[in-house]
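Below is one structure; the comments refer to it alone.
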Amino acid sequence: MGSSDVNHTTRTNSNWLTDTRTSSEFSAAQAVSIPVGFSREYSVLTELGASMSSGFMLLNQSENVTYTNQSAVRLLGVNQLVLEESETFDVCSHLLSLAADPQTARAELKKIWSAPEQEASTELALTDAAASWLRVRTFPLHNESGQLLGRGVLFDDITLEHAAVESRAETLALAAHELKTPLAIIKGCATTLLGGSARWDPAMQREMLQMIDTQSDRLHDVLNTLLDVWRFDAGTQALRLTQVQLSELLLQLVKRWQKQATEHRFVLSIPPDVPSVICDAVRIEQVVNHLLANAVAYSPAGRVVHIQLESNEIEVRVGVSDEGIGIGAEHLDRIFDRFYRVPTQDESASGSGLGLSAARATIEAHGGKIWADSLGLNQGATIYFTIPFAPQKALSAALPLLVEESAPVPQRKTRPAFARQDRRVKVLLAENDPRLLRYMRANLEEQQYRVQTVNHGIQFLRQLDLEEPDIILLSMSLADMSGLEILQRLREFSTIPVMMLCDDCDEDERVQMFDLGCDDLVLKPFSMKELLARVRALLRRQAPPAEHTQNQSIFSTGDLSIDYAQHIVTVQGKTVQLSRTEYKLLSTLAQNVGMVVTHELLLEKVWGPEYNRDIDFIWVYISRLRRKVEADSRHPKYILTVPDVGYKLARLP
């Protein structure tokens with residue numbers, strides 16, 4: 001439930017603000033503290049407070065806390081007994097004790113606290129708290145005669161919002177810097193040629209025109225690559241799938257690069273009878289070009305660039321190896337970030353920092369994986385990527401993309417088990433140690449698990465939004481969050497089995513992990529054989545995916561149908577291509593067909609609890625969904641709006 005569900009002009013009885021309770025404490029035995037005739041209303045209040053992900057407090061005119069929900073206790077990191085027994089607990093003082101900048105926080109809190117008759121809000125940066133950024137909103141409380149009784153206070157964790165804003169700002173700043181250099185050179189050369197103060201000889205004019213041409217090409221490449229990455233992130237970049245022989249594609253690219261980079265030698269290793277894959281040939285060619293350009297840029301002249309193609313029963317793997325400067329362990333997981341460059345003394349080898357980022361976006365859009373490996377500095381590096389043989393279902397479970405098929409895809413007679421292969425168990429592995437991360441991923445993938453890896457808490461939550469795993473392996477410490485904090489957040493909305501990967505910890509810490517919701521734990525260093533056995537044991541306790549999809553069957557309302565097993569949506573018998581988020585949104589509405597689903601519940605079910613306040617966010621996706629499934633999106637018959645409440649999917653014959 002979000003803040004919009006609280007009436008900011010609340011009228012209540014003053015007796016409600018005389019007793020300090022948390023939402024879990026109200027019982028029949030304590031009903032005497034509730035005014036006569038208001039027991040039902042107070043029960044509703046406590047139930048709503050308990051269901052809110054936002055922290056919620058009621059303060060009387062003396063600024064004493066008279067009611068608080070569990071979310072407020074968690075976000076403020078305060079002992080519940082302190083709130084219950086202390087009559088002098090000061091909310092402002094407690095917030096100041098958590099503030100990263102107490103002086104600024106004091107001024108901000110003074111603004112919103114000095115006017116109890118008005119609604120006000122501010123945002124605070126915190127340290128040693130459950131949230132790094134907290135939005136604090138206050139509003140007045142009146143009785144039926146209009147007399148001020150106190151104030152209500154809402155606390156919202158906006159850490160992810162600030163991280164997203166900072167990430168966008170950093171990306172834009174880096175993009176501006178990357179575009180600035182070629183623009184400056186083009187401008188300088190053009191100004192010089194157009195100036196009438198000197199007459200340039202033909203050789204100088206040609207040199208300047210070549211500089212303009214070269215920098216224009218660079219500008220074009222940077223813009224196109226950046227747009228590709230952003231389109232993949234937004235789910236608006238279509239893939240044109242065809243059947244492709246990767247061996248032929250790689251052979252053509254190697255011949256082309258041998259002519260372009262004559263100072264390097266290229267060796268291509270292709271085993272016999274490599275099956276074709278279904279992919280976007282143009283996009284995969286771009287990926288290989290990015291990897292070859294990277295290998296040439298970071299290896300000295302005369303060295304060998306080796307390209308290897310391999311396959312198994314599930315996927316093909318391409319590796320591009322060089323004999324260059326290598327990659328330090330601390331950079332292996334960051335080289336796929338936008339604009340990230342490995343520091344090097346050779347500035348000429350430094351590119352835009354976008355090629356590998358675009359490669360990752362493309363490979364993940366195909367349902368594959370991409371990673372780098374290196375023994376260390378001056379020992380070369382290898383970048384691998386995989387593409388599954390069965391891309392359709394992999395795509396529906398990967399990034400939220402719109403997929404176009406440029407030609408019918410023939411059935412493969414030699415691989416009848418594709419449907420089963422794509423049902424591999426999905427593992428989300430969160431570990432901050434890059435070497436341990438790669439070691440665990442390799443062993444899990446060897447057992448045919450499909451593994452997604454992250455080393456940041458923000459990445460962890462974003463990956464959960466993109467795809468729900470079957471099991472989570474979670475380290476106690478990630479780059480920006482503790483494992484306990486992530487586990488606590490996860491258990492607010494998910495029951496996915498979690499195994500904690502613990503450093504040395506005592507009995508009390510292990511008990512705390514189980515109490516927070518972990519299903520199993522292992523202590524580092526651990527035996528990989530034991531860890532794999534524990535993973536299998538946890539998975540055995542879960543319902544098989546096949547049974548789940550069979551139970552869901554096919555949903556229909558009017559001419560709209562959802563085939564849950566195949567993840568296919570049709571309207572009047574025609575398939576509608578939806579992004580993963582759009583499909584999840586429609587499925588959530590279908591599970592509650594004929595009933596109103598509130599904005600907050602939709603946001604939590606589809607995007608997660610950290611989004612439960614972004615009403616405008618859901619409106620955008622509802623509009624997209626209507627344009628795809630409604631005959632007239634302005635006059636919908638399936639997805640109906642319930643003003644100020646939410647949406648419902650109509651039950652039609």
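List of remarks:
- Summed over region 528-543, residues that are at pLDDT below 85 and assigned to a helix (DSSP H, G or I) total 1.
- E507 loosely packed, with under 14 Cβ neighbours inside 10 Å, of a type in the set (D, E) and either within 26 Å of L126 (Cα to Cα) or out of contact with any Gly (no Cβ under 6 Å at 6 or more places or on another chain) (or both): yes
- Under the condition of being more than 22 Å from W133 (Cα to Cα), at pLDDT below 65 and open to solvent by less than 50 Å² (accessible area, probe 1.4 Å), the residues counted in region 148-197 number 2.
- Restricting V78, V73 to residues that are of a type in the set (A, V, I, L, M), open to solvent by 10 Å² or more (accessible area, probe 1.4 Å), assigned to a helix (DSSP H, G or I) and under 26 Å from I458 (Cβ atoms) narrows the list to V73.
- Helices (runs of 4 or more DSSP H) within region 449-521 that include 1 or more residues without any contact (Cβ under 8 Å) to a residue 24 or more places away in the chain and not assigned by the TED database to the domain that holds D337: 457-466, 507-516
Residue-wise test of (1) in contact with a Gly (Cβ under 8 Å, 6 or more places away or on another chain); (2) modelled with pLDDT of 85 or more; (3) open to solvent by 20 Å² or more (accessible area, probe 1.4 Å).
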{"residue": "T242", "(1), (2), (3)": "no, no, yes"}
{"residue": "K255", "(1), (2), (3)": "no, yes, yes"}
{"residue": "E263", "(1), (2), (3)": "yes, yes, yes"}
{"residue": "V267", "(1), (2), (3)": "no, yes, yes"}
{"residue": "P271", "(1), (2), (3)": "no, yes, yes"}
{"residue": "V274", "(1), (2), (3)": "no, no, no"}
{"residue": "V282", "(1), (2), (3)": "no, no, yes"}
{"residue": "V287", "(1), (2), (3)": "no, yes, no"}
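- Considering Q118, Q103, the condition of being assigned to a loop (DSSP other than H, G, I, E, B), modelled with pLDDT of 85 or more, polar (S, T, N, Q) and out of contact with any Gly (no Cβ under 8 Å at 6 or more places or on another chain) is satisfied by Q118 alone.
- Residues in region 259-285 that are farther than 22 Å from H366 by Cβ and hydrophobic (A, V, I, L, M, F, W, C): A261, F266, V267.
The values are calculated or read from the model by the stated rules, or taken from the named source; none is laboratory data. This one's a predicted model, so the numbers in the text were calculated from it and none came from an experiment. Every residue, glycine as well, gets a Cβ built from its backbone with ideal geometry; the counts of neighbours run over all protein chains shown. To get the accessible areas, we keep the full protein, side chains included, count just its heavy atoms, and leave off ligands, DNA and RNA. Shrake-Rupley method; radii C 1.70, N 1.55, O 1.52, S 1.80 Å.
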